[in-house]
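*Asks:* Dropping a structure here in structure tokens format, bear with me for questions.
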Amino acid sequence: MTASTVSPLSPPRHAWFWASFTLAWREVVRFLRQRSRVTGAIGQPILFWILFGAGLSGSFQFGGGSGTNGMTFQEYFLPGVAVMIILFTSIFSSISVIQDRNEGFLQGVLVAPVPRSSIVVGKVLGGTALALLQGFLFILAAPLLHYVGLAPPISLEFTTTGILGSIFFLTGIAIGLTALGYLFAWKIDSVQGYHAVMSLVLLPMWLLSGAFFPGTGSLWLSWLIRLNPLTYGVAGLRRVISRPSADLSSLPPMWLCITVTVAFALLMLVLDVWITRKDKTVK
Amino acid sequence: MPAVVVDHVAHHYGERQALAGVSFDVQAGEVFGLLGPNGSGKTTLFRLLSTLMPIQSGRVEIGGRDASQQPDGVRQLIGVTFQSPSLDGKLTVQENLKHQGHLYGLSGRALKARCQEVMALLNVTDRASQYAETLSGGLKRRVEIAKCLLHSPQILLLDEPSTGLDPGARHDLWNALESLQRNQGVTVLVTTHLMEEAERCHRLALLDSGNLIALGKPDELRELVGGDSLTIQADQPDVLAQELSGRFGLSAQRIGNALRLEHERGYELITEIATQLPGTFRSMTLGKPTLEDVFIKLTGHQLEVVAPEPANKKKH
């Protein structure tokens, strides 16, 4: 008997959309139900911002010293902390790839008639939505810390372009980082192993993105920073939220920031889909 | 048309051969068991049937669809439960079902109705809003099965479904499976290494070291062992085995500290051994042959190699 004689079951309608949507939604619900994750992902960066800001403010110079064009360290560090929040959120959501695999959830998805790419898209978009939400809330809320005495006055540009621009860059960075985390998590079978990648790859990547320090003083450091794709996301974000008077001439130009951020995010997504499709013995 | 066709399926992991050309059919609406010890190849076969691994050689057809050519077609027909639970502990029972439904293209009111149906079927409706991680092992397994029934699969594949369940939960689970098979005409295929589960299957395939060593109804398989089955526990089984062969001309199989033999009239033999060789044994058990006896006869070793139970996973 051939396959053609079997009464055809119609394939699930909009399979790709439903699968991606449901997996992304699950990601968001799971995250919000684990309070420790929420606090870890947003609390630590804010703490860093306050402490480093207070500790380093005196010895920091960027954009023409302490004159009108200069920035305080807190101002400089603010987009960096937003990116750190995104980094932590995407790390947490890609760690769940390992858990899903070890706990069998992923197997349940793999035996369903869903396109493999929707597994990637669901995971990455879920992580991105969370990261974007937290990063954006931080940017809006951080200047308020001034009023409780934890930060100096912050002058940011909250114009429509500024807000849309920051959403654009936060989204691009979040997709790129979550997809990068997925790539590692797919290949690593333990959460402990992932922690090693986190300390050796992901955190240095953040550190060398101009998020924490400009790094213009050293040649090799400035090259590392220039080669890091995250640098362009951070710079782009810095450009859209800084006040117009700030001197940002040492940052890469806007067109380059946009190009690299979008290209990196797309490349990582494509690699994720490729690695997921290629893996035929998913445990 | 058979629900499942397995035709000369072989599988290798690198050098190691896991399946050496296995063939059998599963009829629609039957409860079929793959019985074998750990490492017999049954889990490999299970993964091939559930489209989780590419078929290296041979052919697998499910509901008339070729598993390597139409994996998504096969996936619509099968409902799969694995040994490791696939429920998301951070979601409620209902949410788990909802997400699963979306994966199969169900949504909205139709999905809601279907969730209610499968929860009622597996008797878990009262747990709908409980987090999956708070359920007991037996309940989890039932929700797991409810979950894989959502898209009304024709064929249910279950990998060691009673692993980690207490006897009561095991009993409930099998009642649920049997009622699905009877009332909905679902074909059920289970892998197991437990006698008790195997006895409840309509037909069994016995696997050992990647080979199919027997296929048939439990009764037919038991007939492969003639007469009665006698098991003798002894402190010195080798000495006793020599005695038995010297005095009675019997050849016994040694399994650990026990000797096992088949005899037309076991009830006569047992008195003879007891009177003629007193003190050489600790206990003698006479019975009708079990599937375990069949397995031992065919392979020379036991079925239920006591495997360490997977340690309960810590919560993350």
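*Asks:* Can you pull out the residues in segment A:96-140 that are in a loop (DSSP other than H, G, I, E, B), closer than 18 Å to A:S190 by Cβ and open to solvent by less than 10 Å² (accessible area, probe 1.4 Å)? Break it down into steps so the answer makes sense when it comes.
*Replies:* Step one: list which residues in segment A:96-140 are in a loop (DSSP other than H, G, I, E, B), which gives A:103-104, A:111-115.
Filter once more, so that each one left must be closer than 18 Å to A:S190 by Cβ: A:103-104.
Selection gives A:G104 alone.
*Asks:* I'm checking my understanding of the structure. Among residues of segment B:37-56 that are touching a His at 6+ places or on another chain (Cβ under 7 Å) and open to solvent by 20 Å² or more (accessible area, probe 1.4 Å), which one is nearest to B:I213 (Cα to Cα)?
*Replies:* So in segment B:37-56, the residues touching a His at 6+ places or on another chain (Cβ under 7 Å) come out as B:37-38, B:44, B:48, B:56.
Next cut, open to solvent by 20 Å² or more (accessible area, probe 1.4 Å) only: B:38, B:56.
Values: B:N38: 15, B:Q56: 21 Å.
Selected residue: B:N38.
*Asks:* Taking helices (runs of 4 or more DSSP H) that fall entirely within segment B:126-215, which contain at least 3 residues that are without any contact (Cβ under 8 Å) to a residue 24 or more places away in the chain and under 11 Å from the mean Cα position of the chain (by Cα)?
*Replies:* Numbers: elements: B:137-149, B:167-184, B:195-199.
In segment B:126-215, no matching helices (runs of 4 or more DSSP H) lie anywhere.
*Asks:* Among the residues of segment B:5-24, is there at least one that is touching a residue at least 60 places away in the same chain (Cβ under 8 Å) and in contact with a Cys (Cβ under 9 Å, 6 or more places away or on another chain)?
*Replies:* Taking every residue of segment B:5-24 in turn, none turns out to be touching a residue at least 60 places away in the same chain (Cβ under 8 Å) and in contact with a Cys (Cβ under 9 Å, 6 or more places away or on another chain).
*Asks:* I'd like the full set of residues that are open to solvent by less than 10 Å² (accessible area, probe 1.4 Å) and of a type outside the set (G, A, S), limited to segment B:57-66. Let's see the steps before the verdict.
*Replies:* So the first thing to find is which residues in segment B:57-66 are open to solvent by less than 10 Å² (accessible area, probe 1.4 Å), and the list is B:60, B:62-64.
Scanning segment B:57-66 gives B:V60, B:I62.
*Asks:* Can you tell me which residues in segment A:34-60 are of a type outside the set (A, V, I, L, M, F, W, C) and more than 14 Å from chain B (Cβ to nearest Cβ)?
*Replies:* Correct list: A:T39, A:G43, A:Q44, A:P45, A:G53, A:G55, A:S57, A:G58, A:S59.
*Asks:* Give B:L106, B:L97, B:L111 a once-over and let me know the one that is among the aliphatic types (A, V, I, L, M) and at pLDDT below 90. Please lay out each step first, then the result.
*Replies:* Working: B:L97 fails: at pLDDT below 90; B:L111 fails: at pLDDT below 90.
Residue meeting the stated conditions: B:L106.
*Asks:* Failed condition for B:M53, given (1) more than 8 Å from every other protein chain (Cβ to nearest Cβ); (2) at pLDDT below 90, with all others met?
*Replies:* Evaluating B:M53 over (1) more than 8 Å from every other protein chain (Cβ to nearest Cβ); (2) at pLDDT below 90 leaves (1) as the failure.
*Asks:* In segment B:101-125, how many residues are assigned to a helix (DSSP H, G or I) and facing chain A (nearest Cβ under 7 Å)? Show your work before the answer.
*Replies:* Initial filter on segment B:101-125 (assigned to a helix (DSSP H, G or I)): B:101-103, B:108-121, B:125.
Still in the running and facing chain A (nearest Cβ under 7 Å): B:102-103.
Adding up the residues that qualify gives 2.
*Asks:* Now a separate question. Checking B:L194 against (1) more than 30 Å from B:G63 (Cβ to Cβ); (2) among the aliphatic types (A, V, I, L, M); (3) open to solvent by 20 Å² or more (accessible area, probe 1.4 Å), which single condition isn't satisfied?
*Replies:* (1)
*Asks:* From (1) modelled with pLDDT of 90 or more; (2) away from chain A (no Cβ under 11 Å), pick out the condition that doesn't hold for B:N38.
*Replies:* Every listed condition holds for B:N38 apart from (1).
*Asks:* Which residues, taken from segment A:83-110, are of a type in the set (D, E, K, R) and either within 24 Å of A:N228 (Cβ to Cβ) or free of Cβ contacts under 8 Å to residues at least 12 places away in the same chain (or both)? I'd like the intermediate steps shown before the answer.
*Replies:* Kept after step one, since they are of a type in the set (D, E, K, R), are these residues of segment A:83-110: A:100-101, A:103.
Hits for segment A:83-110 are A:D100, A:E103.
*Asks:* Any chance segment A:162-182 includes a residue that's farther than 29 Å from A:S242 by Cβ and either surrounded by 16 or more Cβ atoms within 10 Å (Cβ to Cβ) or in contact (Cβ under 8 Å) with a residue 12 or more places away in the chain (or both)? Steps first, answer last, please.
*Replies:* Taking segment A:162-182 first, the residues farther than 29 Å from A:S242 by Cβ are A:182.
Now restrict to residues that are either surrounded by 16 or more Cβ atoms within 10 Å (Cβ to Cβ) or in contact (Cβ under 8 Å) with a residue 12 or more places away in the chain (or both): A:182.
Scanning segment A:162-182 turns up at least one residue that is farther than 29 Å from A:S242 by Cβ and either surrounded by 16 or more Cβ atoms within 10 Å (Cβ to Cβ) or in contact (Cβ under 8 Å) with a residue 12 or more places away in the chain (or both).
*Asks:* Yes or no: B:G33 assigned to a strand (DSSP E or B), away from every other protein chain (no Cβ under 12 Å) and crowded, with 17+ Cβ neighbours inside 10 Å?
*Replies:* Working: assigned to a strand (DSSP E or B): yes; away from every other protein chain (no Cβ under 12 Å): yes; crowded, with 17+ Cβ neighbours inside 10 Å: yes.
Yes; evaluated as a whole, the condition is true for this residue.
*Asks:* For segment A:51-62, enumerate the residues that are open to solvent by 30 Å² or more (accessible area, probe 1.4 Å) and not hydroxyl-bearing (S, T, Y).
*Replies:* Taking segment A:51-62 as the starting set, the residues that turn out to be open to solvent by 30 Å² or more (accessible area, probe 1.4 Å) are A:51-52, A:54-61.
The answer is A:L51, A:F52, A:A54, A:G55, A:L56, A:G58, A:F60, A:Q61.
*Asks:* While we're looking at this one, here's another question. Scan (1) part of a strand (DSSP E or B); (2) under 20 Å from the mean Cα position of the chain (by Cα) for the single condition B:R59 breaks and write down its number.
*Replies:* Single failed check for B:R59: (2).
*Asks:* Can you pull out every residue in segment A:15-33 that is farther than 16 Å from A:A129 by Cβ and more than 7 Å from chain B (Cβ to nearest Cβ)?
*Replies:* A:W16
*Asks:* Any residue in segment B:66-78 that is within 13 Å of another protein chain (Cβ to nearest Cβ) and within 22 Å of B:S162 (Cα to Cα)?
*Replies:* First, the residues of segment B:66-78 that are within 13 Å of another protein chain (Cβ to nearest Cβ): B:66-78.
Now narrow it down to the ones that are within 22 Å of B:S162 (Cα to Cα): B:78.
Yes, segment B:66-78 contains a residue that is within 13 Å of another protein chain (Cβ to nearest Cβ) and within 22 Å of B:S162 (Cα to Cα).
*Asks:* Please indicate, with yes or no, whether at least one residue in segment B:177-190 is more than 14 Å from chain A (Cβ to nearest Cβ), within 27 Å of B:Q94 (Cβ to Cβ) and in contact with a Cys (Cβ under 9 Å, 6 or more places away or on another chain).
*Replies:* There is at least one residue in segment B:177-190 that is more than 14 Å from chain A (Cβ to nearest Cβ), within 27 Å of B:Q94 (Cβ to Cβ) and in contact with a Cys (Cβ under 9 Å, 6 or more places away or on another chain).
*Asks:* Given B:Q116, B:Q69, B:Q76, B:Q83, which one is in contact (Cβ under 8 Å) with a residue 60 or more places away in the chain and surrounded by fewer than 18 Cβ atoms within 10 Å (Cβ to Cβ)? Give the steps one after another, and end with the answer.
*Replies:* Working: B:Q116 fails: in contact (Cβ under 8 Å) with a residue 60 or more places away in the chain; B:Q69 fails: in contact (Cβ under 8 Å) with a residue 60 or more places away in the chain; B:Q76 fails: surrounded by fewer than 18 Cβ atoms within 10 Å (Cβ to Cβ).
Result: B:Q83 is the single residue among B:Q116, B:Q69, B:Q76, B:Q83 that is in contact (Cβ under 8 Å) with a residue 60 or more places away in the chain and surrounded by fewer than 18 Cβ atoms within 10 Å (Cβ to Cβ).
*Asks:* Could you grab the pairs with beta carbons closer than 9 Å, sequence gap of 6+ or different chains, first residue in segment A:183-194 and within 14 Å of another protein chain (Cβ to nearest Cβ), second one modelled with pLDDT under 90 and assigned to a loop (DSSP other than H, G, I, E, B)?
*Replies:* Once the first residue is within 14 Å of another protein chain (Cβ to nearest Cβ) and sits in segment A:183-194, its partners that are modelled with pLDDT under 90 and assigned to a loop (DSSP other than H, G, I, E, B) give A:D189/A:K283; A:V191/B:H316; A:Y194/A:I188.
*Asks:* Checking the conditions here, which among B:V22, B:V26 is modelled with pLDDT of 90 or more and touching a Phe, Trp or Tyr at 6+ places or on another chain (Cβ under 8 Å)? I'd like the intermediate steps shown before the answer.
*Replies:* On the way: B:V22 fails: touching a Phe, Trp or Tyr at 6+ places or on another chain (Cβ under 8 Å).
It is B:V26.
The values are calculated or read from the model by the stated rules, or taken from the named source; none is laboratory data. Fair warning: this is a prediction, and the values are worked out from it, not measured in the lab. Using ideal geometry, Cβ is built from the backbone for each residue, glycine included, and neighbour counts are taken over all protein chains shown. Please note that ligands, DNA and RNA were not included when accessible areas were found on the heavy atoms of the full protein model with its side chains. Shrake-Rupley method; radii C 1.70, N 1.55, O 1.52, S 1.80 Å.
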